[in-house]
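**Student:** Below you will find the structure I want to go over with you.
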Amino acid sequence: MLADRTTLTQFLIEERRRHPEASGELNALILSVALACKAIGKAVAHGALAGMLGDASSANSQGETQKKLDVVANEIFLRTSEWGGQVAGMVSEEMDAPYAIPARYPRGKYLLVFDPLDGSSNIDVNVAVGSIFSILRAPTPGSDAAVGDFLQPGVRQVCAGYAIYGPSTMLVITVGTGVHGFTLEPQLGEFILTHPDLKIPAATNEFAINASNSRFWEPAVKRYVDECLAGKAGPRGKDFNMRWVASLVAELHRILMRGGVFMYPRDTKDPARPGRLRLLYEANPAGLIVEQAGGAASSGRERILDAEPATLHQRIGLIFGSREEVERLERYHRDFNEREYDAPLFGARGLFRETV
């Protein structure tokens, strides 16, 4: 079965051979993350059979109620990655502060940031969820990482990836040489390269946004969505499909597979927040993956990978996917966002009626 297949381990070894100066620590850390994803995938698959559904009696660092699997997945990430000597510290959505590596383990030269179970609100209804992660270089290798060490723009990532737990478990990664997808062969317990060199089409007719927030959208986003909903009769001259899964990983995976644009933009629902998704461990890894696949990722105001983080759990608006659509949304933010856009979202030629 493996005669004409490439495993994740083989892929990483071949990548390392291109860089004779590499120590192999990055490969080891990626394999530790892959092991965590296998274990989390198994826990997700067992669901109610293992008592994994429902809420935990705790909240995460942002005050959000945790699911039982949030807690389990976070613990799996920590335990598989803490002991190998590759990391100087870890940050997770589920923890207030950086995780201190136990004293008995050596400190390494990398930092690992992750959302251990993205889309966990979907768990109880058996919809796809995932894990997403980013790897950075530690400014002071061999020492315990401080909060400021993690506050690096996404352009400094050395690796980003995600696992999606759906009909099959897949791991998708980039180490700066394109984006590659690996499918878990459950009997062998190996991730096998099945989707090499993924590319996002430059154009699309599919968009993803939570339309229930439309009353809070900024003028640029309202204009863009109205134009899409107007279809062939509107200024875009073509029909669009709308999707929404409520899982960043699932949205990212769909766009990698067939194109599209995803929007979780800044809005006025909570004026104190400049967005809803977390910059370090959601937007940045998604941004690197999308750019490596030929797409674009933006807040609407700047390239995501250039954003300077100020706090561990900083939030940001996120738009990513097919380059032409992201560039159009950036243009609308530049040209049309300062004045109110008064066209109704569901008006003439909108979702619910059409003029004749």
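The values are calculated or read from the model by the stated rules, or taken from the named source; none is laboratory data. Every value quoted in this text rests on a predicted model; they were computed, and no experiment measured them. Ideal geometry is used to build each Cβ from the backbone, glycine not excepted, and the neighbour counts take in all protein chains shown. Note: accessible area is taken over every heavy atom of the protein model, side chains too, but ligands, DNA and RNA are not part of it. Shrake-Rupley method; radii C 1.70, N 1.55, O 1.52, S 1.80 Å.
Per-residue answers, yes or no, for (1) touching a Ser or Thr at 6+ places or on another chain (Cβ under 9 Å); (2) touching a residue at least 24 places away in the same chain (Cβ under 8 Å); (3) farther than 21 Å from Glu327 by Cβ:
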{"residue": "Tyr165", "(1), (2), (3)": "yes, yes, yes"}
{"residue": "Pro186", "(1), (2), (3)": "yes, no, yes"}
{"residue": "Phe191", "(1), (2), (3)": "yes, yes, yes"}
{"residue": "Ala202", "(1), (2), (3)": "yes, yes, no"}
{"residue": "Ala211", "(1), (2), (3)": "no, yes, yes"}
{"residue": "Arg215", "(1), (2), (3)": "yes, no, yes"}
{"residue": "Glu227", "(1), (2), (3)": "no, no, no"}
{"residue": "Arg236", "(1), (2), (3)": "no, no, no"}
{"residue": "Val245", "(1), (2), (3)": "no, yes, yes"}
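**Student:** Then there's this: Under 7 Å between Cβ atoms, at least 6 apart or on separate chains: pull out the pairs that start in segment 9-24 with a residue that is surrounded by 11 or more Cβ atoms within 10 Å (Cβ to Cβ) and end on any residue that is in a loop (DSSP other than H, G, I, E, B) and not aliphatic (A, V, I, L, M).
**Tutor:** Filtered contacts from segment 9-24: Glu15/Thr177; Arg16/Gly24.
**Student:** Tally up the residues in segment 166-183 that are buried (at least 21 other Cβ atoms within 10 Å of the Cβ) and in a loop (DSSP other than H, G, I, E, B), please.
**Tutor:** 2
**Student:** Could you pull out the residue among Asp96, Asp124 that is farther than 19 Å from Leu29 by Cα, assigned to a loop (DSSP other than H, G, I, E, B) and not aliphatic (A, V, I, L, M)?
**Tutor:** When all the criteria are applied, what remains is Asp96.
**Student:** Right, another one. Does at least one position in segment 195-207 carry a residue that is under 23 Å from Asn122 (Cα atoms), at pLDDT 95 or above, part of a strand (DSSP E or B) and open to solvent by less than 50 Å² (accessible area, probe 1.4 Å)?
**Tutor:** yes
**Student:** To continue, here is another question. Would you check if there is a residue in segment 242-262 being within 16 Å of Val155 (Cβ to Cβ) and under 17 Å from the mean Cα position of the chain (by Cα)?
**Tutor:** The answer is no, given that none of the residues of segment 242-262 is within 16 Å of Val155 (Cβ to Cβ) and under 17 Å from the mean Cα position of the chain (by Cα).
**Student:** Looking only at segment 206-228, count how many residues are among the aliphatic types (A, V, I, L, M) and farther than 23 Å from Ala250 by Cα.
**Tutor:** Residues that pass the stated criteria total 1.
**Student:** Considering segment 242-263 alone, what residues qualify as being among the small types (Gly, Ala, Ser), open to solvent by less than 10 Å² (accessible area, probe 1.4 Å) and over 15 Å from Ile289 (Cα atoms)?
**Tutor:** Result: Ser247, single match.
**Student:** Let me ask something else about it. Determine if segment 139-156 includes at least one residue that is surrounded by 23 or more Cβ atoms within 10 Å (Cβ to Cβ), under 16 Å from the mean Cα position of the chain (by Cα) and under 20 Å from His19 (Cα atoms).
**Tutor:** no
**Student:** Filter segment 100-114 down to the residues that are in contact with a Ser or Thr (Cβ under 7 Å, 6 or more places away or on another chain) and either of a type in the set (D, E, K, R) or surrounded by fewer than 24 Cβ atoms within 10 Å (Cβ to Cβ) (or both) and list them by number.
**Tutor:** Arg107
**Student:** Let me ask something additional. Tally the residues that are open to solvent by 20 Å² or more (accessible area, probe 1.4 Å) and of a type outside the set (Lys, Arg), restricting the search to segment 297-315.
**Tutor:** Selection size over segment 297-315: 7.
**Student:** Of all residues in segment 127-163, count the ones that are of a type in the set (A, V, I, L, M, F, W, C), in contact with a Ser or Thr (Cβ under 8 Å, 6 or more places away or on another chain) and farther than 19 Å from Thr80 by Cα.
**Tutor:** Going through segment 127-163 one residue at a time, the tally reaches 4.
**Student:** Check Ala310, Ala297 and return the single one that is among the hydrophobic types (A, V, I, L, M, F, W, C), touching an Asp or Glu at 6+ places or on another chain (Cβ under 7 Å) and farther than 18 Å from Gly119 by Cβ.
**Tutor:** Answer to the selection: Ala297.
**Student:** Please specify each residue of segment 232-251 satisfying the condition of being more than 20 Å from Gly181 (Cβ to Cβ) and in contact with a strand residue (DSSP E or B) (Cβ under 9 Å, 6 or more places away or on another chain).
**Tutor:** Hits for segment 232-251 are Phe240, Asn241, Met242, Trp244.
**Student:** Identify, from the list Leu49, Leu53, Leu2, Leu8, the residue that is hydrophobic (A, V, I, L, M, F, W, C) and at pLDDT 95 or above.
**Tutor:** Answer to the check: Leu8.
**Student:** Considering only segment 223-241, how many residues are among the charged types (D, E, K, R), in a helix (DSSP H, G or I) and open to solvent by 40 Å² or more (accessible area, probe 1.4 Å)?
**Tutor:** 2
**Student:** Could you check segment 141-164 and list, in sequence order, the residues that are in contact with a helix residue (DSSP H, G or I) (Cβ under 7 Å, 6 or more places away or on another chain) and outside any strand (DSSP E or B)?
**Tutor:** Residues satisfying the conditions are Phe150, Pro153, Gly154, Val155, Gln157, Val158.
**Student:** Say whether the condition of being under 14 Å from the mean Cα position of the chain (by Cα) and over 15 Å from Met263 (Cβ atoms) is met by at least one residue in segment 295-304.
**Tutor:** no
**Student:** What's the number of the condition Tyr281 fails, among (1) in contact with a helix residue (DSSP H, G or I) (Cβ under 6 Å, 6 or more places away or on another chain); (2) within 20 Å of Leu256 (Cβ to Cβ)?
**Tutor:** Among (1) in contact with a helix residue (DSSP H, G or I) (Cβ under 6 Å, 6 or more places away or on another chain); (2) within 20 Å of Leu256 (Cβ to Cβ), the lone unmet condition for Tyr281 is (1).
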